[in-house]
1. Can you tell me the equivalent ellipsoid semi-axes for the chain? Use √(5λ) from the Cα gyration tensor, largest first, whole Å.
2. Around Thr31, what is the net charge, scoring Lys/Arg as +1 and Asp/Glu as -1 over all other residues with Cβ under 15 Å from its Cβ?
3. Within region 123-195, which GluC sites (Glu not before Pro) sit in a loop by DSSP and count at most 14 neighbouring Cβ atoms inside 10 Å?
4. What is the distance, in nm, between label points placed 7 Å from the Cα along the Cα-to-Cβ direction at Asp8 and at Lys185?
5. Shape call for region 60-123 from the C-alpha gyration tensor, a ≥ b ≥ c root eigenvalues: rounded (a/c under 1.5), prolate (a/b greater than b/c) or oblate?
6. Distance check, please: which entries in Lys38/Lys98; Lys12/Lys192; Lys12/Lys147; Lys54/Lys184; Lys97/Lys136 exceed 26 angstrom between their Cα atoms?
7. Output wanted: per-residue J couplings in Hz (rounded whole) for region 146-163, from phi through Karplus 6.51 cos²θ - 1.76 cosθ + 1.60, θ = phi - 60°, x for Gly and Pro.
8. Which ³J(HN,Hα) values in Hz, rounded to whole numbers, follow from the phi angles of region 53-66 under the Karplus curve 6.51 cos²θ - 1.76 cosθ + 1.60, where θ = phi - 60° and Gly and Pro get x?
Amino acid sequence: MSQYFENDSELKSKLQKNEVQVLGQNFIFFTDYGVFAKKGLDFGSRLLIENLEKEDIKAPFLDVGCGVGVLGILLNRLYGITGDLIDVNLRALHLAKKNAKENGCNGLEIFESNCYQNVQQKYALILTNPPIRAGKTVVYNILMNAKEHLEKNGTLYFVIRKEQGAKSILSDIEKVYHIHIIIKKKGFFIVKCKI
Ligand SMILES: C[S@@+](CC[C@H](N)C(=O)[O-])C[C@H]1O[C@@H](n2cnc3c(N)ncnc32)[C@H](O)[C@@H]1O
């Protein structure tokens, strides 16, 4: 079976509509086979969005590994800020565009990029629920190279699970950023990083 980050033209399709409430607002996220997350909003992604510190919620933002677009769409709709969403999974990108339209978003650019390959600007906020299953090289590329795409005072936020090697990732990340663990819940850590 192919992984959620692979492009598989043989993959069956069964569109699923998920209704989700976040911070008192209603959203619709369409999902399908071969994309993350099946039920629209993953626990870790919700925890991330619900725990961003107010001072860090600034445009432009970059949602790295956007999947069906949940993080970027939520930021845009909840806080009215604009930004870019990137992924390598073409089905996910198609759904992210559909979901952005469905949720009445404005000012979002959604495009294919393997990590930061097609990213040309700097951002005030970069956020990611990184693709652990894609392997350490990809995850470290996304986390460590975020600093090259952050504005001077920009912030990187990510979510990581204890059982996915949070401890060793955090000790490596600390060599590059000043980190602050915003919250730990049910084995998920929300991490804020500054250059
Ligand atoms: C854990 S999912 C998170 C999806 C979405 N942001 C969310 O919170 O539900 C990680 C995403 O990273 C994407 N991904 C995997 N490898 C990537 C790469 N090299 N560059 C960009 N995105 C990648 C996957 O396709 C997947 O959509």
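Just so you know, all these numbers are worked out from the coordinates, no wet-lab data involved. Source: prediction; values computed, not measured. Quick reminder, even Gly has a Cβ in these numbers, built from the backbone with ideal geometry, and neighbours come from all protein chains shown.
1. With the √(5λ) rule applied to the chain, the semi-axes are 24, 19, 17 Å.
2. Numbers: positive: Lys12, Lys14, Lys17, Lys38, Lys39, Arg46, Arg91, Lys97, Lys98; negative: Glu19, Asp32, Asp42, Asp87, Glu102.
Surrounding charge for Thr31 is +4.
3. On the way: sites: Glu148, Glu151, Glu163, Glu174; in loops: Glu174.
Passing both the DSSP loop test and the Cβ count: Glu174.
4. Computed distance between label sites Asp8 and Lys185 equals 3.2 nm.
5. Working: a/c = 2.18, a/b = 1.19, b/c = 1.83.
Oblate shape, in that a/c is at least 1.5 and b/c is the bigger or equal ratio.
6. Numbers: Lys38/Lys98 16 Å; Lys12/Lys192 37 Å; Lys12/Lys147 37 Å; Lys54/Lys184 18 Å; Lys97/Lys136 28 Å.
Going by Cα-Cα distance, Lys12/Lys192; Lys12/Lys147; Lys97/Lys136 fall outside the 26 Å limit.
7. 4, 4, 6, 10, 9, 5, 3, 9, x, 10, 9, 10, 8, 10, 8, 9, 3, 6
8. 7, 3, 5, 9, 7, 9, 8, x, 10, 10, 9, 8, x, 6
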